[in-house]
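First comes the structure, then the notes that go with it.
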Amino acid sequence: MSEPFVQVRDLHVRFGTNDAVRGVSFDVAEGETVALVGESGSGKSVTALSILQLLPYPMASHPRGSVLVGGREMIGADDVRLRTVRGAQISMIFQEPMTSLNPLHTVAKQIRETLVTHKGLSRDAARDRTLELLEMVQLDDAERRLGAYPHELSGGQRQRVMIAMALANEPRLLIADEPTTALDVTIQARILALLKKLQGELGMGLLLISHDLGIVRSMADRVCVMTDGEIVEAGAVEKIFTQPEHSYTQHLLAAEPKGDPVPDDPNAKTLVKVRNFSVTYKIGKGWFARQGDFHAVKDMNLDLRVGQTVGVVGESGSGKTTLGLGLLRLLNAKGTVEIGDKAIHALGSKALTAERKNMQVVFQDPFGSLSPRLSVRQIVEEGLKVHERDMDEAARKERVASALTEVGLEPATMERYPHEFSGGQRQRISIARALALRPKFIVLDEPTSALDMSVQAQIVDLLRELQDRHGLTYLFISHDLKVVRAVAHYLIVMKDGEVVEQGPAEQVFDNPQTAYTEELMSAAFVR
């Protein structure tokens, strides 16, 4: 039997004096899929980058260990050897294609560069091969996309371009680092099916890095579970999922958001009433460009009762976030929006500002939505200074402490800054900021999508607990249907700005009436 193509033995990675990876060993043979799973910070990506020696050397070092590729040592290899491996024998797909693709170069130029460097193809031959690759990864209207720039493509299209670039030289191993995390569930399913198909056709090995255990179970042959820089359990995928031995593996498998929504009262009064709601953008500008209207949300009607959660699901571009921001008057919209006894759509600027304490929002990216220059205390009390002007400093501090305690954070941490917290803790801070004003209605825009599975479960539990305690009404926007199922009483499915299906959440989940909803459910592994 031939040796595995990649052999990692006793790998250690050190950043300064900190050990990021300790004693990791595994193999990847051609034609098989090995998955590295674990939470953020477990060492998965650092391990994968070590194979290609792509870490920030000399900041990073390998005090011990070996990485053999085709029987040749990579640690300490010179530039000539590295160039023969990178891109030609091993390629890598990164998590976020928008930051991995050069925004100044067209799709054709970026793929052509790989072909010219490793294959020595002429310009015309490289163009023909580029088109062939884009068609292989099923990029729609591939020839027209040759001249497109990354910002002109959707997330799924950009990821297909990344895959085409990675496969340009028919590598023996493809490293896929969270290749679908930023994508909608239907696009995730298509990208994963594409990778599996291409793997079979090319016979290449696949090293899959993911924290999504559903994806791992459907894709991998073997699994290595990592935490704190070590592999704590490894084995065949079915054994790991059905008979996990290590407590951390058991913790990961149990961490998926689950449970039922908080019981709601069907006789509760309506808090949010939306009628004939539309959001339209002008597209096209300049002297000669044709102007037109883009209907991001079309004639939406919606009711939310006190204590109810309405889930809004659909692919990127379906209008979910636009709906949430429009309801809060953070975007210009047409139609009527009533929250409590106030006609939000008709309020002037001053009256709207006063009413904002009753309607808050929690954004998708907690790091991006929290000012890095403000302490947690300043972030949480910011709204109090606007809406509770009679509150003195001591009372504000007490309210901040109370809000932090409610979301499971120590009040003693209020003088720290966002960068000193983990992703899950930062999202708790965002929720505390919303809670501090004691609102009636909260728009939750993808509040768990940037988090590990176990942290997602914690945030879902927290949101249900807060809703039960305070009678909060949520509009919960997400493309993660597992999370939505755990919190929503009523479900709205959107596509191209329109509602294609709606109804009680259990009814829609268990018996979808449209092909689009059925595709969403199947792709999300929820049925």
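Before moving on, here are some points about what is shown:
- All positions within the range 96-127 that are buried (at least 16 other Cβ atoms within 10 Å of the Cβ) and of a type in the set (Asp, Glu): Glu113
- Residue satisfying all of: in the range 419-472; assigned to a loop (DSSP other than H, G, I, E, B) and acidic (Asp, Glu); farthest from Ala254 (Cα to Cα) among these: Glu446
- Residues that are in contact (Cβ under 8 Å) with a residue 60 or more places away in the chain and closer than 26 Å to Arg83 by Cα occur in the range 101-121; there is at least one.
- Just one of the listed residues (Pro257, Pro261) is within 30 Å of the chain's Cα centre (by Cα), at pLDDT 95 or above and of a type outside the set (Phe, Trp, Tyr), and it is Pro261.
- Here Glu519 clears all of (1) part of a helix (DSSP H, G or I); (2) crowded, with 22+ Cβ neighbours inside 10 Å; (3) modelled with pLDDT under 95 except the condition numbered (2).
- Test for Glu30: is it in contact with a helix residue (DSSP H, G or I) (Cβ under 9 Å, 6 or more places away or on another chain) and of a type in the set (Asp, Glu): no
- Exclusive hit being assigned to a helix (DSSP H, G or I) and over 22 Å from Thr448 (Cβ atoms), set Ala176, Ala193: Ala193
A quick yes/no check of all residues on (1) modelled with pLDDT of 95 or more; (2) more than 28 Å from the chain's Cα centre (by Cα); (3) polar (S, T, N, Q); (4) surrounded by fewer than 16 Cβ atoms within 10 Å (Cβ to Cβ):
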site: Glu315; (1), (2), (3), (4): no, no, no, no
site: Glu338; (1), (2), (3), (4): yes, yes, no, no
site: Lys342; (1), (2), (3), (4): no, yes, no, no
site: Ser371; (1), (2), (3), (4): no, no, yes, yes
site: Glu388; (1), (2), (3), (4): no, yes, no, no
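- Residue list for the range 214-249, restricted to those being in contact with a Phe, Trp or Tyr (Cβ under 7 Å, 6 or more places away or on another chain), of a type outside the set (A, V, I, L, M) and open to solvent by 30 Å² or more (accessible area, probe 1.4 Å): Arg217
- Pairs, first within 18 Å of Val310 (Cβ to Cβ) in the range 244-269, second of a type outside the set (Gly, Ala, Ser) and open to solvent by 80 Å² or more (accessible area, probe 1.4 Å), C-beta under 6 Å, six or more apart: Val262/Asp468
- Yes/no for Asp140 being free of Cβ contacts under 8 Å to residues at least 12 places away in the same chain, within 25 Å of Arg190 (Cα to Cα) and not basic (Lys, Arg): no
- Residue list for the range 128-140, restricted to those being open to solvent by 30 Å² or more (accessible area, probe 1.4 Å), in a helix (DSSP H, G or I), within 22 Å of Gln159 (Cβ to Cβ) and not aliphatic (A, V, I, L, M): Arg129, Glu132, Glu135
The values are calculated or read from the model by the stated rules, or taken from the named source; none is laboratory data. Every value quoted in this text rests on a predicted model; they were computed, and no experiment measured them. Positions of Cβ are generated from backbone atoms using ideal geometry, with glycine treated the same way; all protein chains shown enter the neighbour counts. Heads up: the accessible areas ignore ligands, DNA and RNA and are worked out on the full protein's heavy atoms, side chains in. Shrake-Rupley method; radii C 1.70, N 1.55, O 1.52, S 1.80 Å.
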